[in-house]
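**Student:** If you scroll down you'll find the structure; I have some questions about it.
All of the numbers you see were taken from the coordinates with simple rules; none came from a lab. None of the values given here were measured: they were computed from a predicted structure. Note that we place each Cβ from the backbone using ideal geometry, even for glycine, and neighbour counts take in every protein chain shown.
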Amino acid sequence: MPSRSSKPILSKGVQSTMAAVYLICGKLCCGKSTYAKTLLAAHKAVVLSADEIMLAVFGLYAGEKHDEYAANVRAYLFGKSLELIRADVSVVLDWGFWTKAGRDEAKAFYRSRGIECQLHYLDIGDEVWRARISQRNRSVMAGETTAYIVDSALAAKFAARFEPPSKEEVDVWVDV
């Protein structure tokens, strides 16, 4: 059974002496990027964010090719993460892992290479989620942060795509 914690821990009580990968899973606006920063404080790690690259290259609108570009960015980051692991730097992948297939693919990618891989899931209630979406949108509109605006159509699209992980998939469960 996964740990239910607000603080990151190593999975199953095992102390790792080599770099590891932390997959951050959760809905849009649930606090993944903020949580990723807590992992940086606890581990010698670098955050690799697909959204950060997408926003830097395409701005807020990549158009109808957004999903294709995002998949290419994630593929690039998988490769970059291996370079960091070889340099003994842990990696935090901050891009949601919204589907079981995506989580399984990432775990298999790392575990087939003998790299410790943990799934951290941020479980957020609907009321808090809606409030976080509203707060993010206000911050983006005010120019306080660079992020995607999440209107009701986008929120519904991603809510429909999101497949919550099972307890068996999760190494660290965080109640938001």
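**Student:** Quote the charge dipole size of the chain about the Cα centre in Debye, to the nearest 20; the model charges only the Cβ of Lys and Arg (+1) and of Asp and Glu (-1).
**Tutor:** 260
**Student:** Tell me the label-point distance for the pair Q135, K44, using the 7 Å Cα-to-Cβ offset, in nm and rounded to one decimal.
**Tutor:** The answer from the label model is 3.4 nm.
**Student:** Once amide H atoms are placed 1.01 Å from N in the peptide plane, what residues at a sequence separation of 5 or more from Y148, or on another chain, have their amide H within under 5 Å of its amide H?
**Tutor:** So Y148 has HN proximity to no qualifying residue.
**Student:** Enumerate the amide H contacts of V91 below 5 Å, restricted to partners 5 or more residues apart or on another chain; note that Pro and chain-start residues carry no placed amide H.
**Tutor:** Residues meeting the criterion, in which the H sits 1.01 Å from N, are A20, V21, Y22, V46.
**Student:** So how do 72-80, 168-176, 92-100 stack up, highest first, on mean other-Cβ count within 10 Å?
**Tutor:** Averaged packing, sorted descending, gives the order 92-100, 168-176, 72-80.
**Student:** At 7 Å along the Cα-to-beta-carbon direction for both T99 and N72, put a label point, then send me their distance in nm to one decimal.
**Tutor:** 1.9
**Student:** Oh, and also: Using +1 at the C-beta of Lys and Arg and -1 at the C-beta of Asp and Glu, which of Y69, T99, S33 has the Cα lying farthest in the positive direction of the dipole of the chain?
**Tutor:** Going by the charge dipole, the pick is S33.
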